[in-house]
1. Using every Cα-Cα pair within the chain, state what percent have a distance larger than 20 Å.
2. Kindly provide the helix-only [θ] at 222 nm of the chain, computed as the sum of -39,500 (n - 2.57) over DSSP H runs of four or more divided by all residues, to the nearest 500 deg cm²/dmol?
3. Would you mind computing, in nm to one decimal, how far apart the modelled labels at Phe70 and Asp17 are, each placed 7 Å from Cα along Cα→Cβ?
4. Taking only Cα atoms, what is the 0 to 90° angle, nearest 10, from helix 40-58's long axis to the longest principal axis of the chain?
5. Sort 90-97, 101-108 by the packing proxy (mean of other Cβ within 10 Å over each peptide's residues), most packed first.
6. What's the ranking of 15-23, 43-51, 66-74 by average number of surrounding C-beta atoms within 10 Å, highest first?
7. If you keep only loop residues by DSSP, which GluC sites (Glu not before Pro) in region 1-72 have at most 14 other Cβ atoms within 10 Å of their Cβ?
8. What's the carbon and sulfur percent of the chain's accessible surface, probe 1.4 angstrom, rounded to a whole number?
Amino acid sequence: MVIGRSSKLTHFLEWRDYKIVFKRYASLYFVACIEKEDNELIVLDIIHHFVEVLDRYFGNVCELDLIFNFHQAYFILEEMIVGGHIIESSKKQVLKMIANNDSMMDANFFKDES
């Protein structure tokens, strides 16, 4: 439904009682299913914001980054959105929290090794 769609068409589809909002970045598709009352342009902006943070974290994100580090992608998304509400819009703050989490994980890993 999304992949076979022409790039000249909109990034919005109506499906049952929902709207599908999607954006393609290179070979990656990011898709969100929202209620009909929700603003699809805001969701498109959130998707773009999420991809920008992923790009900064992974350095030009690709599908292998997401496959082998899906937990990091979820953590980034959880830093930005909780319960359907945007809680952090600053890319710098999100990346700072992720860096703090990474350093704590590294410290615990090396603590367990010794």
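The values are calculated or read from the model by the stated rules, or taken from the named source; none is laboratory data. For clarity, every value in this text was computed on a predicted model and none was experimentally measured. Virtual Cβ from ideal backbone geometry, glycine too; neighbours counted across all protein chains shown. Only protein heavy atoms, including side chains, enter the accessible area calculation; ligands, DNA and RNA are left aside. Shrake-Rupley method; radii C 1.70, N 1.55, O 1.52, S 1.80 Å.
1. More than 20 Å apart: 50 percent of the Cα pairs in the chain.
2. Theoretical 222 nm ellipticity from helices: -17000 deg cm²/dmol.
3. So the label points at Phe70 and Asp17 sit 2.8 nm apart.
4. For helix 40-58, the angle is close to 30 degrees.
5. Working: 90-97: 14.6, 101-108: 10.9.
Order by mean packing, descending: 90-97, 101-108.
6. Put in order of decreasing packing, that is 43-51, 15-23, 66-74.
7. Passing both the DSSP loop test and the Cβ count: Glu37.
8. The computed percentage sits at 56.
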